[in-house]
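Below is one structure; the comments refer to it alone.
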Amino acid sequence: MDNQVALVTGANKGIGKEIARQLAGLGLTVYVGSRDAGRGEQAAAEIGGDARLLVLDVTDHASVADAARQVGTLDVLVNNAGISGGDQTPDQEDADTFRRIYETNVFGVVAVTNAFLPALRRSAHARIVNVSSGTGSLSWATDPQSRHWSGRHAAYRSSKTALNALTVFYAHSLADDGIKVNALAPGLRRTDLNATAAASGGDPAEAAAGAVRLAQLPDDGPTGRFFSWDGTTTPW
Ligand code: NAP
């Protein structure tokens, strides 16, 4: 994968940093997206290889446009930046919390993807990986046997359901460009995302490997699909 270029949003820590580390380890030039220059610079130095800071706040139009101007060709875009919320059901949650979470997890993905499309179209085999969540699966939310059968974490989970829909729609609309778009359910991982993840999550590197697999899909590989970190299909 020499000479290939990747961008991982929210790569200064957590799963995103591990994805950036693994892609850099494969020989890619990796833009380490970070809304804070200092944290991003430190992460890029720790990742090593050809990892480079790219200051990028996915909720800030000027920041997104400025970042896109700095990248010529892009082979891999990993929309990883995300925030969580409380465990409220929708009736307990206020609309502003939904707006805040959607701003990053949904609208941020649209803004970044659209801004980087010219760079992605310059690649012969571009891949987009949207870091979603199994908690956004409506199949699981409506299955009484599933541990996700609940209306809790409504703002966060519905944002990931929306991201799943966008994955399908982008896959359709970019198919003629040869750009593959897939969503990843990384599983519960030990990161700063929330208290549950921090306390009982597994190794983020395992989830990152799932993202790297989707970033390396061959030309006859799938698009518009939702995969678990281990490569199995996650139901919509
Ligand atoms: P994390 O450690 O909290 O990392 C989140 C990253 O996103 C950080 O780098 C953060 O930057 C960045 N970010 C947040 N808002 C941003 C913005 N507006 N612009 C740019 N970057 C922004 O959490 P994580 O677990 O690695 O999360 C990564 C992705 O995995 C998220 O999409 C999350 O929903 C998904 N996920 C995680 C789990 C899990 O168990 N951990 C499970 C399912 C899905 P700052 O450091 O500046 O805040």
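In this simple spin-label approximation, residue 199 and residue 110 carry label points 7 Å from Cα along the Cα→Cβ vector, and these lie 3.6 nm apart.
Under the simplified labelling scheme, the residue 87-residue 124 pair shows an inter-label distance of 5.1 nm, with each label point 7 Å from Cα along Cα→Cβ.
Please give the calculated 222 nm ellipticity per residue for the chain, where each DSSP H segment of at least 4 residues contributes -39500 (n - 2.57) and the sum is spread over every residue; nearest 500 deg cm²/dmol? Please report the intermediate quantities before stating the final value.
Working: 9 runs with 97 residues, N = 236.
When only DSSP H runs of four or more count, the value is -12500 deg cm²/dmol.
Take the Cβ atoms of residue 41 and residue 62, set R0 to 22 Å, and the FRET efficiency comes out at 0.65. Once C-alpha pairs closer than 8 Å and six or more residues apart are averaged by separation and normalised to the residue number of the chain, the relative contact order reads 19 percent. Protein heavy-atom surface of the chain, 1.4 angstrom probe: 51% of the accessible area is carbon and sulfur, with nucleic acids and ligands not counted.
Here each label is just a point 7 Å from Cα along the line to Cβ, and for residue 99 and residue 145 those points are 4.2 nm apart. List the residues of the stretch 185-200 whose backbone N lies under 19 Å from a point placed 7 Å from the Cα of residue 230 along the Cα-to-Cβ direction. Once the point is set 7 Å along Cα→Cβ of residue 230, 185-190, 200 turn out to lie under 19 Å by backbone N, inside the stretch 185-200. With a Förster radius of 30 Å applied to the beta-carbon distance between residue 50 and residue 192, the computed FRET efficiency rounds to 0.70. The antiparallel fraction among DSSP beta bridges confined to the chain stands at about 5%.
For residue 220 and residue 138 in one chain, what is 0.36 nm times their gap in residues minus the Cα-Cα distance, to one decimal in nm? It would help to have the intermediate numbers written out before the result.
Details: separation 82, 0.36 × 82 = 29.52 nm, distance 2.78 nm.
Between residue 220 and residue 138, full extension yields 26.7 nm more.
The heavy atoms of residue 225 present about 90 square angstrom of accessible area, all protein chains included, probe 1.4 Å.
In this structure the stretch 5-228 gives 43 Å² per residue of accessible area when probed at 1.4 Å with all protein chains present. Listed peptides 211-221, 169-179 appear in the order 211-221, 169-179 once ranked by packing, highest mean of other Cβ atoms within 10 Å at the front.
Of the listed residues 13, 160, the order by accessible area with a 1.4 Å probe, largest first, is 13, 160.
The values are calculated or read from the model by the stated rules, or taken from the named source; none is laboratory data. Keep in mind the model is a prediction, meaning the values are calculated, not measured. Counting neighbours? That spans all protein chains shown, and the Cβs are built from the backbone with ideal geometry, glycine included. Side chains included, ligands, DNA and RNA excluded: accessible areas come from the protein's heavy atoms. Shrake-Rupley method; radii C 1.70, N 1.55, O 1.52, S 1.80 Å.
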